[in-house]
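The structure appears right after this line, and notes come after that.
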Amino acid sequence: MLHRSLVTLCINWALPHAQVDRQLCVNLVCLKNAHTSPGAEGRAERDRVSLMTTLYEHLPADIRKVVDAYVADLRPQTWRIRFLLLIDLLQERLESGPAAEHWRLLQQWTGIVTAILEHLPPDSTVVECVGLMSISFNDQWRAQALGQIERDPTVLDRLIAICPDWGDIVETISEADQRRPIKARQVRRR
């Protein structure tokens with residue numbers, strides 16, 4: 001079964017009955033794989049998706065409107081408030097969804113965070129933003145944030161002080177990615 005986390009991240013989150021263009025799904029899966037697949041396969045995918053620049057640009061129009069609404073609400077806020085509001089959004093969804101679907105809800109939330117970060121440029125000097133960057137689908141932001149956390153372990157301590165569940169959230173996102181990884185060969189079989 002084709003893992004659709006990059007497309008369904010907003011569709012299942014905000015518009016459960018939206019229709020997804022199959023080619024869009026394939027393009028988004030390739031976008032994710034282009035930066036994570038080793039060897040010639042990864043290079044070929046990087047070449048194929050070199051014109052794709054953001055997750056947001058490849059979402060259906062109705063999903064972009066949902067992300068735009070989140071961005072409009074979050075833009076006037078500080079990164080601390082943005083972080084807390086996004087955590088509250090996640091916790092609401094986890095509380096209302098079945099436990100068996102938590103891994104999917106976390107991946108969807110991560111996609112929403114990524115699309116929001118594309119509109120509210122990340123600030124690596126703000127610990128809450130570094131936390132969001134560390135779980136995003138954007139490999140560059142994630143690497144930058146994880147490097148900063150590695151160089152300064154107090155960043156993680158400060159994130160946990162702000163959000164005591166942060167460690168569990170990160171661990172569960174990591175487990176969800178391992179449980180349902182996106183693989184290029186899954187796309188090719190379709």
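The values are calculated or read from the model by the stated rules, or taken from the named source; none is laboratory data. Computed from a predicted model, the values in this text were never measured in an experiment. Don't worry about glycine lacking a Cβ; one is built from the backbone with ideal geometry, like all the others, and counts go over all protein chains shown.
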task = Please give the helices (runs of 4 or more DSSP H) falling wholly within region 114-180 in which 2 or more residues are closer than 27 Å to T53 by Cα, in contact with a helix residue (DSSP H, G or I) (Cβ under 8 Å, 6 or more places away or on another chain) and touching a residue at least 12 places away in the same chain (Cβ under 8 Å).
result = 127-135, 139-151, 166-179
ask   = What are the residues in region 142-165 that are crowded, with 21+ Cβ neighbours inside 10 Å and touching a Ser or Thr at 6+ places or on another chain (Cβ under 8 Å), if any?
value = A145
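Just to check your reading of the model, which residue among E95, E118 is among the charged types (D, E, K, R) and more than 12 Å from the chain's Cα centre (by Cα)?
Unique residue meeting the criteria: E95.
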remark   = Of the candidates I81, I135, I87, the one satisfying the condition of being β-branched (V, I, T) and more than 23 Å from L59 (Cβ to Cβ) is I81
request  = Scan region 35-67 residue by residue and report those that are at pLDDT 80 or above, closer than 14 Å to L117 by Cβ and not aliphatic (A, V, I, L, M).
outcome  = T54, Y56, E57
ask   = Quick check: is even one residue across region 142-156 within 21 Å of I116 (Cβ to Cβ) and either of a type in the set (G, A, S) or modelled with pLDDT under 90 (or both)?
value = yes
request  = Output the number of the condition that Q77 fails; it satisfies all remaining conditions of (1) surrounded by 12 or more Cβ atoms within 10 Å (Cβ to Cβ); (2) assigned to a helix (DSSP H, G or I).
outcome  = (2)
request  = Could you list, in sequence order, all residues of region 88-126 that are modelled with pLDDT under 90, surrounded by fewer than 18 Cβ atoms within 10 Å (Cβ to Cβ) and of a type in the set (G, A, S)?
outcome  = G97, A99, A100
query = From the residues in region 93-113 that are touching a residue at least 40 places away in the same chain (Cβ under 8 Å) and β-branched (V, I, T), which one is farthest from R64 (Cα to Cα)?
reply = T110
